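*Asks:* There's a structure below that I have some questions on.
The values are calculated or read from the model by the stated rules, or taken from the named source; none is laboratory data. Bear in mind the structure is a predicted one, so any value in this text is a computation, not a measurement. Note that each Cβ is placed from the backbone with ideal geometry, even for glycine, and that neighbours are counted across all protein chains shown.
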Amino acid sequence: MADAKGAVPRLSDQLCFAVYSTAHALNRIYKPLLAALGLTYPQYLVMMVLWQQDGLAVKEIGELLHLDSGTLTPLLKRLEAAGHVRRERDPADERQVRIRLTTTGLALQDQARSVPQDLLCATGRTVDQVQGLRDDLARLRDQLNVVAA
């Protein structure tokens, strides 16, 4: 499809491709860092949520990570099989499943403390620069979610 001037858009000019290829580059940095912990990147995100607030319902975790239950449930089952979390029915509402960290899952937090600093070093940017970029991307995501709703 051509733009208003009749030129075919270039891949390198597309925002979507910059975000997509950057996400892949980030994952290549995360992969060895998280492999040392025995986690995939999506599992790491779940663990980060639980380290921040243990005992969340599956639905709450999904909302925080922008994941549906069909994607989240297999992740949680693998984390449970690895001994990092346990799934429990909420006694107040049997329909809800709450996710709780195990002792092993809590201990993993100490091992993961260096991951954010290692990633920051890989970016070659300052903390302020990375935080600004993160904030810009979050605002873009939120705006796109409004438009897509």
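*Asks:* Of these, LEU64, LEU108, LEU79, which one is of a type outside the set (Lys, Arg), under 29 Å from LEU140 (Cα atoms) and not assigned by TED's automatic domain parsing to the domain that holds ASP142?
*Replies:* The match here is LEU64.
*Asks:* Still on this structure: Go through the range 110-131 and report how many residues are in a helix (DSSP H, G or I) and either touching a residue at least 40 places away in the same chain (Cβ under 8 Å) or within 18 Å of the chain's Cα centre (by Cα) (or both).
*Replies:* Filtering the range 110-131 down to residues in a helix (DSSP H, G or I) leaves 110-112, 115-123, 127-131.
From the residues that got through so far, the ones that are either touching a residue at least 40 places away in the same chain (Cβ under 8 Å) or within 18 Å of the chain's Cα centre (by Cα) (or both) too are 111-112, 115-120, 122-123, 130-131.
So the count comes out to 12.
*Asks:* Hey, ARG98 hits all of (1) surrounded by 12 or more Cβ atoms within 10 Å (Cβ to Cβ); (2) among the charged types (D, E, K, R); (3) part of a helix (DSSP H, G or I) but one; which does it fall short on?
*Replies:* Result: ARG98 fails condition (3) only.
*Asks:* Let me ask something else about it. Quick one: is ARG86 touching a helix residue (DSSP H, G or I) at 6+ places or on another chain (Cβ under 7 Å), assigned by TED's automatic domain parsing to the domain that holds TYR20 and either in contact (Cβ under 8 Å) with a residue 40 or more places away in the chain or part of a strand (DSSP E or B) (or both)?
*Replies:* On the way: touching a helix residue (DSSP H, G or I) at 6+ places or on another chain (Cβ under 7 Å): yes; assigned by TED's automatic domain parsing to the domain that holds TYR20: yes; either in contact (Cβ under 8 Å) with a residue 40 or more places away in the chain or part of a strand (DSSP E or B) (or both): yes.
Judged against the criteria, ARG86 is a match.
*Asks:* Also, I was wondering about something else. Mind checking which pairs have a first residue in the range 7-20 that is under 15 Å from ARG134 (Cα atoms) and a second that is surrounded by 10 or more Cβ atoms within 10 Å (Cβ to Cβ) and modelled with pLDDT of 95 or more, Cβ under 8 Å, 6 or more apart or different chains?
*Replies:* Listed pairs, sorted by first residue: VAL19/LEU137.
*Asks:* Hey, another quick one. Looking only at residues in the range 101-143 that are over 17 Å from LEU45 (Cβ atoms) and of a type in the set (D, E, K, R), which one is surrounded by the most Cβ atoms within 10 Å (Cβ to Cβ)?
*Replies:* Among residues in the range 101-143 that are over 17 Å from LEU45 (Cβ atoms) and of a type in the set (D, E, K, R), the one surrounded by the most Cβ atoms within 10 Å (Cβ to Cβ) is ARG125.
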